[in-house]
Structures are given as C-alpha cells and as structure tokens.
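The values are calculated or read from the model by the stated rules, or taken from the named source; none is laboratory data. Predicted model, so just to flag it, every value in this text is computed and none were measured. We place every Cβ from the backbone using ideal geometry, glycine too, and count neighbours over all the protein chains shown.
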Amino acid sequence: MITPRGLGVALATPFHRDGAVDTAALVRLVQHVVAGGADFVVALGSTGEAAMLDERERDLVVTTVREHCRHVPVLVGTGASSTAQAVAWTRRAQQLDAHGTLVVVPPYVKPSQQGLVAHFEAVAAAAPELAVVLYNVPGRTATNLLPATVSALWRLPNVVALKESSGDLQQIARIAAELPAGKILLAGDDGLALPSIAVGALGLVSVAGNVVPKAMRTLVLAALSGSPSKARRAHAELLPLFDALFAEPNPIPVKAALDLLGIAGPMLRLPLLPASAATRDRLAAALRSAESIGVEAAHG
C-alpha cells in the first residue's frame, strides 16, 4: 500500500472544443508532469473537473492516466456528496488498478463530524487494500474536517494520508503535531507548501505542478531536505505564478497556462468560463519570470 509523499500533481482534464475529453492532450500532460519529477499524480480531483464528468469519462481519464504514468503512483478522486456514490467510485478505482484514492469531505450536504467519521469508515471498508487519502477543502465543501476528527480516522489502517487545504496554518500545525507513526500530512495549497512542510507535512498535492513540475519539485525537495534558503528562493520566485493560478477559480487559470505552454487547450465546461485576457497576461508574465529555476516559459 502506497504512502504518498513528495510532489503530487492534481492533474487537469483537457477537453476538445466540442467538450469531449482530449486524451491526446491528457497524455502530453501526464508525460510533462512525470518527466518533471512528480512522485505521484491525482486524477479526477478538483483541478480535474471531476464533477463535470460522467461515468464513462471518469473511466477514460483514469485508464489513460494509469497507462502513461509508468512507475508513478496514481490516486483517483472518489469523493461525492453521498457515501453510497463515494463507495461505488472507490471500488471502481480499485477495479481500474489505481494505487489509491483521494476522498474529499462530502460537499454541499454539510455533515456533522460524527457523520464524516461514518462516511470515511464506509469508504475505507469498501476497498480495504486500497490506500485512502482524506481531502479537507472547506472552501469547496462548506465543512471543515477538524483535527480531532482526523485523529479519530487515523485508526483506519488504509487511511494513509490527509491532503489539508483549509488554509489554516494553526490547524495544519496541530494535525502535523498529532500525526501517528506511518501517517502522512500533505499540503494542499501551493502557496502554503513551504510553511506546511516546515511544521511537519511530508509533501504537496500541487496545481502549479501541471505547469511547472520541475520548479515545484525543486521547492518541495528543498523544503523536505532542510535547505531553507533554496526553498525560500524557489517559493519567492514562484509566488507570482501561484497568485496568477488562483486569480480566477481553479482550474480556469491552469488550463490557460497549459494552453500558453502548448500542452492542452483552455476549454472548460459550463458553468466555468475561459480565463480573461488579464489573467492570461499575468500567467504569461509569471511563467517567463520562473525561467530562473529551469521552468518552461510561455512565449505568446
């Protein structure tokens, strides 16, 4: 059973202009990310527009990513508002030979903390040999997975990690301080990777890694290896890109950035609209400024 650490990349899902999944672009993206040094990838996460995909498309994305990731572990987003759906998607991920699942706090329904425990217990029991990574992102789900609840969930053997995207450094530090042996805390925000690792996270699930995987690997490895000056320098040089990538709701800007790099088109599915001209200009400038750490820059 894998224990994801280091640089993880939450993959975008490219679309053709007619809205169909662009598997050729997805393969290019996977190759770009793997060549850039990702330690693991996530398919069908928030960045992957999983909520926009039907069952057939979910399978297509997972099988395509799994086929082209070679030795890089693949986590599959299997979270849902209903426990029954999350269980079904988790079992399907296991059937498709995923290495693990990323299971978000159920969005929209606003369960209690006791309800969250019951939810994750059911999902973990559905595929006991599959690694489960909890995913806390209250800005999208409207519910915060509290540190005490996380502590209760560590007793589940196949719950191996938590992707923490609350944006609350005090909460992140508390979770890190209470980690049992063998469990992993992963930063969930590019801009907080450095401070999260400083307090005990052992990796990052990155959006920027779609665009600049080599640079993100430099940042994460420097932070993990105890090279603070190198990590701070990489963080400072990447800050304009982090800001640009969240100038509009994710994954709008990351798709614009992939278009600038010639990896995939900028198309999204409604109600998401393509990035504004101002955001594209910010992204192009940020990509150019990142050349100093060996990043592929956009020109045009």
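Every listed requirement among (1) surrounded by fewer than 18 Cβ atoms within 10 Å (Cβ to Cβ); (2) within 24 Å of Gly262 (Cβ to Cβ) is met by Ala215 save one, (1). Here is a check on your reading of the model: is Ile263 over 20 Å from the mean Cα position of the chain (by Cα) and either modelled with pLDDT of 95 or more or not charged (D, E, K, R) (or both)? Taking the combined requirement at face value, the residue does not satisfy it.
Considering only residues of the range 247-277 that are among the hydrophobic types (A, V, I, L, M, F, W, C) and free of Cβ contacts under 8 Å to residues at least 12 places away in the same chain, which is surrounded by the most Cβ atoms within 10 Å (Cβ to Cβ)? Can you show your working first?
Here is the first cut: in the range 247-277, the ones among the hydrophobic types (A, V, I, L, M, F, W, C) are 247, 252, 254, 256-258, 260-261, 263-264, 267-268, 270, 272-273, 275, 277.
Those still in the list that are free of Cβ contacts under 8 Å to residues at least 12 places away in the same chain too: 270, 277.
Working: Leu270: 7, Ala277: 9.
Only one residue tops the list, namely Ala277.
Being among the polar types (S, T, N, Q), at negative phi and touching a helix residue (DSSP H, G or I) at 6+ places or on another chain (Cβ under 7 Å): is that true of Ser206 here? When the stated conditions are applied, Ser206 passes them.
Only one of the listed residues (Gly77, Gly115) is under 21 Å from the mean Cα position of the chain (by Cα), at pLDDT 95 or above and not aliphatic (A, V, I, L, M). That residue is Gly77. When residues in the range 1-37 are screened for being touching a residue at least 60 places away in the same chain (Cβ under 8 Å), over 19 Å from Arg70 (Cα atoms) and surrounded by fewer than 18 Cβ atoms within 10 Å (Cβ to Cβ), 3 of them pass. Considering (1) in contact with a strand residue (DSSP E or B) (Cβ under 7 Å, 6 or more places away or on another chain); (2) surrounded by fewer than 16 Cβ atoms within 10 Å (Cβ to Cβ); (3) of a type in the set (A, V, I, L, M), the lone condition that Ala122 does not fulfil carries the number (1). The set of residues from the range 38-80 being surrounded by fewer than 17 Cβ atoms within 10 Å (Cβ to Cβ), farther than 22 Å from Ile252 by Cβ and not charged (D, E, K, R) comprises Thr63, His71. Across the range 9-54, the number of residues qualifying as closer than 19 Å to Trp89 by Cβ and not aliphatic (A, V, I, L, M) comes to 8. Any residue that is polar (S, T, N, Q), closer than 20 Å to Val41 by Cα, touching a residue at least 60 places away in the same chain (Cβ under 8 Å) and out of contact with any Cys (no Cβ under 9 Å at 6 or more places or on another chain) - is there at least one of those in the range 165-183? No. In the set (1) without any contact (Cβ under 8 Å) to a residue 60 or more places away in the chain; (2) under 22 Å from Leu241 (Cβ atoms); (3) touching an Asp or Glu at 6+ places or on another chain (Cβ under 8 Å), the condition left unmet by Leu156 is number (2).
Pairs linking a residue in the range 213-233 that is in contact (Cβ under 8 Å) with a residue 60 or more places away in the chain to a residue that is assigned to a loop (DSSP other than H, G, I, E, B) and among the acidic types (Asp, Glu), with Cβ atoms under 9 Å and 6 or more positions apart or on different chains, are Lys214/Glu296; Arg217/Asp39; Val220/Asp39.
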